[in-house]
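The values are calculated or read from the model by the stated rules, or taken from the named source; none is laboratory data. This is a predicted model, so every value here is computed, not measured. Reconstructed Cβ throughout: ideal geometry from the backbone, glycine too, with neighbour counts over all protein chains shown.
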């Protein structure tokens, strides 16, 4: 393999994250301010608020930078006296679902951003509960925070959240937003991995990218996509294939090879020289004229005449060339017409070769 193992100290957080699970739980406590509150035109005076808000949640991290959280939140309550001299005691709470992103900024420190929706229940204990009413809805929220990892499992965060559209639509008496500030403590499940000691730097050179280092590579410049052996040489596979290279024809009652047929025999010889593991079967044939025994002998002579040219003129080894006569047993055209006789006076060459291909990774 081609690699440079750099040996600066490995970040502790990266090692620890390998053994921590993606699941975490936590809770938060803070203060919440509903808007509008004492500045509402329908208010005559303000009462004593109970602004303390809290939440509990569970989360799942898809990676070290992005996750999803499900929780329950109570945003506290606010009191005021309206111009009808009635005391209002309003608060919202409910389930929340959102996404959260993290961005490390220093050792153990990180920033966060979140967005989601809260399925809220907003209620008004009007006149100390004698005129209680409530409504529910979906309120979007977004937020930001800064966190510090006390340990690899335990994180403390300062949070801000903004909630929109905390509305009471049933009686159309409340249209509110809120701002929340608080602290949040979360616990991530799992056991941090041990810190990995520094690794001594090593440089391994693999110039042709075949996975075998140059000092062991006996085949330079191997293609990077080829499978190679322990010596860095391409691994090949061989498959047998057959090719029909066509036929040449003879004159009636003759085994002499025509001059114009030498070009085709030369092409056959060129292929066999290019593929040294190939072999050829020269099959001789005859037209259905005269005695069958004589035609069998004639067809054999025709096959051997072509084989002799391959061996003696073009240097193909004798053990790679087989010649055999088939007489009139394998006609191209049935019958004894002029056309049939001409077509059947022939030899055919069938080459069996070994195809060699590199194995691809």
Q | In region 243-261, the residues that are surrounded by 15 or more Cβ atoms within 10 Å (Cβ to Cβ) and not in a strand (DSSP E or B) | A | 250, 255, 257, 261
**Q.** Pair list, Cβ under 7 Å, 6 or more apart: region 185-197 residue surrounded by fewer than 13 Cβ atoms within 10 Å (Cβ to Cβ), other residue at pLDDT 70 or above
**A.** 189/21; 189/23; 189/24; 191/19
Q.
Quick check on region 158-171. Is at least one of its residues crowded, with 16+ Cβ neighbours inside 10 Å, more than 30 Å from residue 19 (Cβ to Cβ) and either in contact with a helix residue (DSSP H, G or I) (Cβ under 8 Å, 6 or more places away or on another chain) or in contact (Cβ under 8 Å) with a residue 60 or more places away in the chain (or both)?
A. yes
Q.
Looking at (1) at pLDDT 80 or above; (2) surrounded by 13 or more Cβ atoms within 10 Å (Cβ to Cβ), which one does residue 211 not meet, given that it meets all the others?
A. (1)
**Q.** Filter result for residue 122 (farther than 30 Å from residue 189 by Cα, part of a strand (DSSP E or B) and at pLDDT 95 or above)
**A.** no
Q.
Could you check region 278-328 and list, in sequence order, the residues that are farther than 17 Å from residue 252 by Cα and assigned to a loop (DSSP other than H, G, I, E, B)?
A. 278, 313, 314, 315, 316, 317
**Q.** residue 264 vs. criteria part of a strand (DSSP E or B) and modelled with pLDDT under 90
**A.** no
Q) What are the residues in region 272-285 that are surrounded by 15 or more Cβ atoms within 10 Å (Cβ to Cβ) and either over 29 Å from residue 338 (Cβ atoms) or modelled with pLDDT under 90 (or both), if any? A) 272, 275, 278, 279, 280
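Matching residues to (1) in a strand (DSSP E or B); (2) modelled with pLDDT under 95; (3) closer than 19 Å to residue 28 by Cα:
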residue: 69; (1), (2), (3): yes, no, yes
residue: 85; (1), (2), (3): no, yes, no
residue: 88; (1), (2), (3): yes, yes, no
residue: 94; (1), (2), (3): yes, no, yes
residue: 98; (1), (2), (3): yes, no, yes
residue: 111; (1), (2), (3): yes, no, yes
residue: 118; (1), (2), (3): yes, no, yes
residue: 144; (1), (2), (3): yes, no, yes
residue: 148; (1), (2), (3): yes, no, yes
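Table: residues versus (1) in contact with a strand residue (DSSP E or B) (Cβ under 9 Å, 6 or more places away or on another chain); (2) buried (at least 19 other Cβ atoms within 10 Å of the Cβ); (3) free of Cβ contacts under 8 Å to residues at least 40 places away in the same chain.
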position: 72; (1), (2), (3): yes, no, yes
position: 81; (1), (2), (3): yes, no, yes
position: 97; (1), (2), (3): yes, no, yes
position: 102; (1), (2), (3): yes, yes, no
position: 108; (1), (2), (3): yes, no, no
position: 120; (1), (2), (3): yes, yes, no
position: 126; (1), (2), (3): yes, no, no
position: 131; (1), (2), (3): yes, no, no
Q. What do you reckon, is residue 138 exposed (fewer than 14 other Cβ atoms within 10 Å of the Cβ), part of a strand (DSSP E or B) and either modelled with pLDDT under 95 or out of contact with any strand residue (DSSP E or B) (no Cβ under 8 Å at 6 or more places or on another chain) (or both)?
A. no
Q: Could you list, in sequence order, all residues of region 251-280 that are in contact with a helix residue (DSSP H, G or I) (Cβ under 6 Å, 6 or more places away or on another chain) and within 23 Å of residue 345 (Cβ to Cβ)?
A: 255, 257, 265, 269
